[in-house]
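Working notes for the structure below.
The values are calculated or read from the model by the stated rules, or taken from the named source; none is laboratory data. None of the values given here were measured: they were computed from a predicted structure. Don't worry about glycine lacking a Cβ; one is built from the backbone with ideal geometry, like all the others, and counts go over all protein chains shown.
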Amino acid sequence: MSKRAILTVILAGLLPVAAAAVVPQKWELRAKEDFLRGKLDGISVSSEGLLSLAPREDRLAAPVEEFYLSLLVGPEGVTYLGTGHGGKVYRIGRDGQAELLFQASEMDVTCLALDKKGVLYAGTSPNGKIYKISDKGKAEEFFNPAERYIWDLLFTDSGRLWAAVGESGGIYDISPEGEGRLIFKAEDNHIMRLMKTQRGDVIAGSGGKGLIYRVSPEGKAAVVFETPYEEVRSIALDAEGMIYAAASGTPAPKGGQDASDTTPVRLDTDVTITVSASGQDKPERRPAAPAAVPAAPARESGAVYMISPDGVARALWSSADEMVYSLALRAEDGMVIFGTGPKGRIYAVDKQGRSSLLLQAGSEQAYELLNLPDRRLRLVGNNPCYLGDIMPAQRSAGEFLSPALDARTISTWGRITWEAELPAGATLQLQTRSGNKAEPNSTWSDWSPFYQKKDEQVLSPKARFLQVKVVFKAQSGQASPVLGSLGVFYLQTNLPPAFSKLEVLKPNEVFLKMPEQEEVILGLEDNAGDRSAAKAGGDELRITLFPKKAERKGFQTITWEAADDNGDELVYSILIREEKEKSWRLLQKGFKGTIFAFESPTLPDGTYSVKVLASDAASNPTGMELTAEKVSRPFVIDNSQPVIRNVSVRRSGSGLDVEFEVEDAYSRVEEVRYLVRPAGWRVAFPVDGVADSRSERFKFSVKLDPGSDDMITIRARDGHGNVGVYRQAF
């Protein structure tokens, strides 16, 4: 612990803050988070912040629909695709040919499952039903749970079908004959996802309170983990029994929430359904095409958790502005692959929480991911719809578009620099463009020619904003180029300082620096040298204190606020002028604070104005400095005492008749008191009843107590605190 305290005073924005000068500055992208703020087309970003070509995507021919909501790949490589708004189920053969297999009467096909015989089952919503589809055009209603939503289907080891439902929130157990019963009723509104473990029980994720349950084959459930998010919409398990869960959405209120409370369950960025407990009819919001007037955006947040079988959880990845829609476990290296929105990004994270961006898809939501043989991943995207495979091999070209550099003012661009590894056959091509609008548009300059060497002069014209494009290329089968950092030097155009405030405090009002051995009036010229020399030896404890405003006779304080958009260091000159004078008098030069106090008795009484001149000369070469000035409102300096004259004190019986006049040169007479001992001070009002002018007349009678002194003392104070005293014997 410290043995000695050094007191740091914060003046609530009044003391200067050190800032950078107008010197060349460097804008640099180096960390993973820096690059993720840009736009990545075919580019991966490693956990160390290295950019390289992303895995190749092979798009599959799929019917055009508004939404793809469910995906299933059969053992023979046949793909089944359920749609939104159309209520359709498509079968896509290994040859890539798609055919309509089933048309439901409900709007959405939200889940699909295959039994051991290869028969397909589809769950629909809203007013959900489960259909058994034996072949094209051959479908029948298999089970109707009288629930609004069927979120997931899962076949158990015994061949029975489990259905996760909402809005009453539960799991149905259904026999091969289509007879079902509710075996688990959740405390929240929805069960969103089911995943079977090697032991035969089921891990279930809920919507509403974001719970993860372990459910036995008999339907007995226990909460494994409660996430701080609204829903758990995707689950994966590894061979060791570890649970990986994707949680998303606005955190639901914890503790005491009624099950009937309305709970939004997000399907994707443009798909939000408002649900309530059964029996209460409340409006629902269906998936819709982009509206002409966009709705208020919902909060986009999510996380990926790793949870041990006994419920010990750890967040491997989280984001305040990306929702996690799906995840898949890559068993060969233990990586968790997960898809997010609204940027359509697909990440990989290991058990230590080291995450990397695999690729950014062309859809806003990476909605569903499925593992395929040969380390392929099947991806379903929405907004717009997409179906394709992410291949283990890298692509041959990609592009990184940096976020726009905001230089804050028109700037001259210096050199562009980067760090990269270029294996044989790999190239990087960099270009820049500039403009004066935050979002690049047609008013920006054209892209520059390619920069061939590191540390080349930027060719884009002067502007406030600059953007860099990096094109990655590699020959087929060859290693990718790797970009480690990207930087641009720039020099801002010098801008003048600007004042936002200049205030003259009341007479005698000062700020005190606290606490030291003696009072220090902030801003007062220090002619006595350094009063706060450091003492040698001992540890230091820094305590932050705020200044104390106090009254000290004979001082006038001025405060101001000024800033420089270049961040230049500002120095000030303070000048003063009496209203009848033509020239300004210099009070202080080279002042670095924003509180200035001076001793007012050093100037004659009168009406004055103060001018503060700000200069950025300390940060700029001679001849390039800029200044700004601000003049205060007029104020009065008055250090003259009020004059008490024409005093008449006459005895009248057991009292006194007192009459006098008080006059002040510059200030109104504020208060008059008199004293006849042993009585205390008494206030006196002027004849006109109100002390509001520089000259006042007083007339009053004083009752004398027995043993009173034979002297009266009169004390007058003006508006600036000056005091005049008059004594007279009687």
Next on the checklist: Out of the residues in the range 415-470 meeting the condition of being aromatic (F, W, Y) and touching a Ser or Thr at 6+ places or on another chain (Cβ under 7 Å), tell me which one is nearest to Y490 (Cα to Cα).
Outcome noted: F465
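For every residue, the table says whether it meets (1) of a type in the set (V, I, T); (2) assigned by TED's automatic domain parsing to the domain that holds E509; (3) farther than 24 Å from V520 by Cβ.
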position: E551; (1), (2), (3): no, yes, no
position: I558; (1), (2), (3): yes, yes, no
position: E561; (1), (2), (3): no, yes, no
position: G567; (1), (2), (3): no, yes, yes
position: I574; (1), (2), (3): yes, yes, no
position: R585; (1), (2), (3): no, yes, yes
position: T594; (1), (2), (3): yes, yes, no
position: F598; (1), (2), (3): no, yes, no
Checklist entry - Can you tell me which residues in the range 18-73 are closer than 19 Å to P384 by Cβ, among the hydrophobic types (A, V, I, L, M, F, W, C) and surrounded by fewer than 19 Cβ atoms within 10 Å (Cβ to Cβ)? => result L60, A61, V64
Checklist entry - Any residue at all in the range 625-633 that is assigned to a loop (DSSP other than H, G, I, E, B) and in contact with a helix residue (DSSP H, G or I) (Cβ under 8 Å, 6 or more places away or on another chain)? => result yes
Item to check | Residue check for V649: of a type in the set (A, V, I, L, M) and under 16 Å from E503 (Cα atoms) | outcome: no
Next on the checklist: Can you report the number of residues in the range 527-551 which are exposed (fewer than 15 other Cβ atoms within 10 Å of the Cβ) and either modelled with pLDDT of 60 or more or part of a strand (DSSP E or B) (or both)?
Outcome noted: 11
Item to check | Odd one out for T622, checked against (1) β-branched (V, I, T); (2) under 39 Å from the mean Cα position of the chain (by Cα); (3) not in a strand (DSSP E or B) | outcome: (2)
Item to check | Test for G388: is it touching an Asp or Glu at 6+ places or on another chain (Cβ under 6 Å) and of a type outside the set (K, R) | outcome: yes
Checklist outcome for this item: In the range 98-123, anything under 17 Å from R160 (Cβ atoms) and without any contact (Cβ under 8 Å) to a residue 24 or more places away in the chain is listed as K117, V119
Checklist entry - Among A146, A204, which is buried (at least 24 other Cβ atoms within 10 Å of the Cβ) and either touching an Asp or Glu at 6+ places or on another chain (Cβ under 9 Å) or assigned by TED's automatic domain parsing to the domain that holds A104 (or both)? => result A204
Checklist entry - Got at least one residue in the range 209-219 being surrounded by 15 or more Cβ atoms within 10 Å (Cβ to Cβ), of a type in the set (A, V, I, L, M, F, W, C) and in contact with a Gly (Cβ under 8 Å, 6 or more places away or on another chain)? => result yes
Item to check | Odd one out for P228 among (1) farther than 30 Å from R314 by Cα; (2) surrounded by fewer than 22 Cβ atoms within 10 Å (Cβ to Cβ) | outcome: (1)
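Mind listing whichever residues of the range 81-97 are in a loop (DSSP other than H, G, I, E, B), closer than 9 Å to D108 by Cβ and free of Cβ contacts under 8 Å to residues at least 40 places away in the same chain?
Passing the criteria: G86, G87.
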Checklist entry - Is it the case that the range 17-37 has a residue that's more than 30 Å from D568 (Cα to Cα) and modelled with pLDDT of 50 or more? => result yes
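Rundown of residues vs (1) of a type in the set (A, V, I, L, M, F, W, C); (2) more than 60 Å from the chain's Cα centre (by Cα); (3) modelled with pLDDT of 95 or more, yes/no style:
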position: E629; (1), (2), (3): no, no, yes
position: V636; (1), (2), (3): yes, no, no
position: F660; (1), (2), (3): yes, yes, yes
position: A684; (1), (2), (3): yes, yes, yes
position: V725; (1), (2), (3): yes, yes, yes
Checklist entry - How many residues, within the range 594-619, are assigned to a loop (DSSP other than H, G, I, E, B), touching a Phe, Trp or Tyr at 6+ places or on another chain (Cβ under 9 Å) and either among the hydrophobic types (A, V, I, L, M, F, W, C) or surrounded by fewer than 17 Cβ atoms within 10 Å (Cβ to Cβ) (or both)? => result 0
Item to check | Among the candidates V672, V690, residue that is at negative phi, part of a strand (DSSP E or B) and β-branched (V, I, T) | outcome: V672
Item to check | Residues (crowded, with 23+ Cβ neighbours inside 10 Å and in contact with a Phe, Trp or Tyr (Cβ under 9 Å, 6 or more places away or on another chain)) located in the range 175-191 | outcome: A186, H190, I191
Item to check | Set S485, S460: member being closer than 22 Å to S448 by Cα and part of a loop (DSSP other than H, G, I, E, B) | outcome: S460
Next on the checklist: I need the full set of residues from the range 481-497 which are modelled with pLDDT under 95 and either under 14 Å from L50 (Cα atoms) or hydrophobic (A, V, I, L, M, F, W, C) (or both), in order please.
Outcome noted: L491, L495
Checklist entry - Right, A61: of a type in the set (G, A, S) and in a strand (DSSP E or B) or not? => result no
Item to check | Given (1) over 25 Å from T340 (Cα atoms); (2) in a strand (DSSP E or B); (3) small (G, A, S), number of the condition A424 does not satisfy | outcome: (2)
Next on the checklist: So D188 ticks every box in (1) in contact (Cβ under 8 Å) with a residue 12 or more places away in the chain; (2) within 23 Å of G87 (Cβ to Cβ); (3) touching a Lys or Arg at 6+ places or on another chain (Cβ under 7 Å); (4) not basic (K, R) but one. Which box is left unticked?
Outcome noted: (2)
Checklist entry - Which of the residues belonging to the range 428-455 are part of a strand (DSSP E or B) and either aliphatic (A, V, I, L, M) or at pLDDT below 95 (or both)? => result L428, L430
Checklist entry - Do we find that G339 is under 29 Å from R30 (Cβ atoms), in a loop (DSSP other than H, G, I, E, B), in the same structural domain as C111 (by TED's automatic domain parsing) and not acidic (D, E) in this structure? => result no
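Rundown of residues vs (1) surrounded by 17 or more Cβ atoms within 10 Å (Cβ to Cβ); (2) of a type in the set (A, V, I, L, M, F, W, C), yes/no style:
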{"site": "A361", "(1), (2)": "yes, yes"}
{"site": "Y386", "(1), (2)": "yes, no"}
{"site": "R408", "(1), (2)": "no, no"}
{"site": "W418", "(1), (2)": "yes, yes"}
{"site": "N436", "(1), (2)": "no, no"}
Checklist entry - So is V612 more than 16 Å from D664 (Cα to Cα), outside the structural domain of G567 (by TED's automatic domain parsing) and touching a Leu at 6+ places or on another chain (Cβ under 7 Å) or not? => result no
Next on the checklist: Yes or no: the range 285-294 includes at least one residue that is modelled with pLDDT of 90 or more and either within 24 Å of N383 (Cβ to Cβ) or out of contact with any His (no Cβ under 6 Å at 6 or more places or on another chain) (or both).
Outcome noted: no
Next on the checklist: Can you tell me how many residues within the range 463-482 are in contact with a strand residue (DSSP E or B) (Cβ under 7 Å, 6 or more places away or on another chain) and part of a loop (DSSP other than H, G, I, E, B)?
Outcome noted: 4
